[in-house]
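No lab work stands behind these numbers, since they all come straight from the coordinates. A quick note: this is a predicted structure, and the numbers were derived from the prediction, not measured. With ideal geometry, Cβ positions are generated from the backbone for all residues, glycine too; neighbour counts draw on all protein chains shown.
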Amino acid sequence: MEKIKSIEELRKLREHARESLKVRSGEAKVKIMVSMGTVGIAAGARDALMAIISELEKRQFHDAQIVERGSLGLDKEEPVVAVERDNKTVFYGKVTPEMAREIVAQHVINGQIVSEWVIAKE
Amino acid sequence: MKELSLNILDIVENSIKSGAKNINLEIEEENKKDFLIITVKDDGKGMDDEFVKIIFDPFTTTSTNKKVGLGLPLLREEAESCGGGIEIQSKKGKGTIVVVKFKHSHIDRPPMGDLASTILTIIATNPEINFSYVHKVNGKVFKLSTKEIREIVGDAAALRDVTILKWLGDYVRENIKTLYGGERSGKN
């Protein structure tokens, strides 16, 4: 049976976090916003967020900040994920965990907007 | 909502929207006494008595871009149909306490679901809030507090690091699994 993680192990990761924050001085290059209203949650926003964290971790991309925002009033499009990069905000609708992973790989990391899933731009 | 853990996320999101800086989530489950109680306490802006009276009306919402708020009315219906109920105490300027009770063994009680993802979502999106989570299952207890975690990792910014978040997610998941006896994957 695998040994249960100890919270003390977290101390070891502290240095790692410091290094990644040092590399990223100031504001993060990319902001990822997930809509966390009741409808967003019921439609799967939490699972989309988990996929985003997992994909960022897998690719060791530390230059992104994850934030939540309230409902945009686009209930039919929930879960809504917005990516702010290069002074542009792109909104994606009906984001499944698989789509969230693709958005991280294509847009967040490589700057390539996944046009087919875009519902709005700012 | 198909899982109680999604209802919990929805209630905590209400606390966050109310400007809370301290949010305590406590879940208590007892098979012998046959109850499951979820308590969310916050120090947000609270509500006056008049607002609390109409909180379960679906046409009551603080949202500016929609006219209905279905989270609490649907949760009340669910809890009441499972031999439980919901209580809300709130004081304007002080905060709110939401208590949701279920009969644990009720056949219609939604499963807890992926509680670890709910906890991680709260931490990842609001690392600066003092969020504490206490979960008791048949006498076993698991506790987590972001205040303590921030002391270990240095500051709230470190709690945005994906490596740390991934570790925390696994840590919470493992501990919830242990609470449920190690066999179930937290989807009790």
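By the count of other C-beta atoms within 10 Å, a proxy for reagent exposure, A:Thr96, A:Thr38 are ordered fewest to most as A:Thr96, A:Thr38. From other protein chains only, count the Cβ atoms within 10 Å of every residue's Cβ in B:141-147, then give the mean. Shielding by partners across B:141-147 averages 0. What the phi angles of segment B:22-28 give under the Karplus curve with 6.51, -1.76 and 1.60, with θ = phi - 60°, is a coupling list of 10, 10, 10, 10, 10, 10, 10 Hz, glycine and proline written as x. Compactness of the protein assembly as shown is given as radius of gyration and Dmax, 19.3, 57 Å, from Cα positions.
Here the convex hull built on the C-alpha positions of segment B:115-188 has a volume of 77 cubic angstrom per residue. The angle between the Cα long axis of helix A:9-23 and the longest principal axis of the Cα atoms of chain A comes to about 60 degrees, rounded to the nearest 10. For A:Val118, nonlocal amide neighbours, meaning residues 5 or more places apart or on other chains whose placed amide H falls under 5 Å from its own, do not occur. Each 5 Å bin, from zero up to the one with the longest distance, holds this percent of the alpha carbon pairs of chain B: 1, 8, 16, 20, 19, 16, 11, 6, 2, 0. Both the radius of gyration and Dmax for chain A are 15.6, 50 Å, in that order, over alpha-carbon atoms. Based on C-alpha pairs under 8 angstrom that are at least 6 apart in sequence, segment B:4-179 has a relative contact order of 25 percent. Counting Cβ atoms of other protein chains within 10 Å of each Cβ in A:32-41 and taking the mean gives 6. Comparing B:Asn14, B:Asn130, B:Asn138 in a Gaussian network model of chain B where C-alpha atoms under 10 Å apart are linked, the largest mean-square fluctuation is found at B:Asn138. Less than 5 angstrom separates the built amide H of B:Gly95 from those of B:Gly46, B:Met47, all sequence-distant by 5 or more or on a different chain. Computed on chain A, with alpha-carbon pairs under 8 angstrom and 6+ residues apart, the relative contact order is 27 percent. Partner shielding of A:9-18 amounts to 6, given as the average count of beta-carbon atoms from other chains within 10 Å of each residue beta-carbon.
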